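A.B. asks: I'd like to ask some things about the structure below.
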């Protein structure tokens, strides 16, 4: 029985369209290397691919942040190391000046060393990396320390970067915290530490979360007040008589714990109540300048100067240890991020990328099927080239 032409043509059209579609899909799959060309091909798989792309993009940003943090913190650590080396040298020179009998010009020569070291320290604390001040905190482009007053002028917030969804680290430090000293020096000064106070009063001292009150009277001297504080509060803070560069004397207070802040005020109207800020806290630069000015004035350094420089060294070393801890954490994160990136990209590739060898095999199979279809139609219609030539 002969197959009707219209039925044969209908079957041919249906199979021709199906195989042509399969050939086109495989051809596009091979040329693009992608399983799916549009969302409609497989909405579920496409959604997963989009989510993976989002995760990969976010991880890429975290990796860039990690590299930024690694670079900046490594440079911060380098600078802090140089600063501690300088402070250690100045401390040794101060001990030498205190314990030896030196001529005025010798003291002044050490003072010149302090001045040169101060300029070097100022360059360090105002150093930049990639246009950002490494000790300017969140200000980024504002110079941290004033070259004249040595006061900190930039942001008091560290510049933080995210390294993961739940981890952020300080990448650029604020110099106020990094180089601030938890030392309080009275603005009130006295011609002699052995002279009685003119007016009685009370000091309000805050060390961390602890508040203490120390009274003083007109029958006491600065030396007496130092002894009272050291006798009654030695577990909390130390007190010293500190000679100023102009030859007068002030009270210096320092917490035993280098991590605790200190603030001191006198609102009683006594000798230490100067009407503004009764006690100030110098930073590392100002501490070096203070000791250097004394030496330049041919004054011998005292125990308070040694304590001040030691605290400067300890505070910077303490901050450097914190930076080292964060830097180690940042470096350890690198292999974790790289492994996660490999896993995410593999998942994306498994969902998105075509198996080229399989695609080529499928393409060949569809091509053979199409050629077979053509032969079947030709045979059914008796349309071989030999018969046609007859």
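A.B. asks: Scanning for something at pLDDT 95 or above and over 23 Å from the mean Cα position of the chain (by Cα), does region 161-182 turn up at least one residue?
C.D. replies: No, region 161-182 has no match at all.
A.B. asks: Next up: How many residues, within region 207-219, are under 20 Å from residue 269 (Cα atoms) and buried (at least 16 other Cβ atoms within 10 Å of the Cβ)? Before you say what the answer is, go through the steps one by one.
C.D. replies: At the first step, the residues of region 207-219 found to be under 20 Å from residue 269 (Cα atoms) are 211-219.
Now narrow it down to the ones that are buried (at least 16 other Cβ atoms within 10 Å of the Cβ): 214, 216.
The total comes to 2.
A.B. asks: Of (1) surrounded by 15 or more Cβ atoms within 10 Å (Cβ to Cβ); (2) farther than 19 Å from residue 302 by Cα, residue 242 satisfies all except one. Which?
C.D. replies: Just one mismatch for residue 242, condition (2).
A.B. asks: Continuing with the same structure: With the checklist (1) at pLDDT 90 or above; (2) under 25 Å from residue 171 (Cβ atoms); (3) buried (at least 16 other Cβ atoms within 10 Å of the Cβ) in hand, flag the one item residue 299 doesn't pass.
C.D. replies: Every listed condition holds for residue 299 apart from (2).
A.B. asks: Pull up region 69-87, narrow it to residues that are touching a strand residue (DSSP E or B) at 6+ places or on another chain (Cβ under 6 Å) and touching a residue at least 60 places away in the same chain (Cβ under 8 Å), then point me to the one that is nearest to residue 170 (Cα to Cα). Working first, answer last.
C.D. replies: Initially, region 69-87 is screened for residues touching a strand residue (DSSP E or B) at 6+ places or on another chain (Cβ under 6 Å), giving 69, 72, 75.
Next cut, touching a residue at least 60 places away in the same chain (Cβ under 8 Å) only: 69, 72.
Values: 69: 8, 72: 10 Å.
Residue satisfying both the conditions and the ranking: 69.
The values are calculated or read from the model by the stated rules, or taken from the named source; none is laboratory data. As the structure is a prediction and not an experimental result, all values here were calculated from the model. Please note: Cβ atoms are built from the backbone with ideal geometry, for glycine as well, and neighbour counts cover all protein chains shown.
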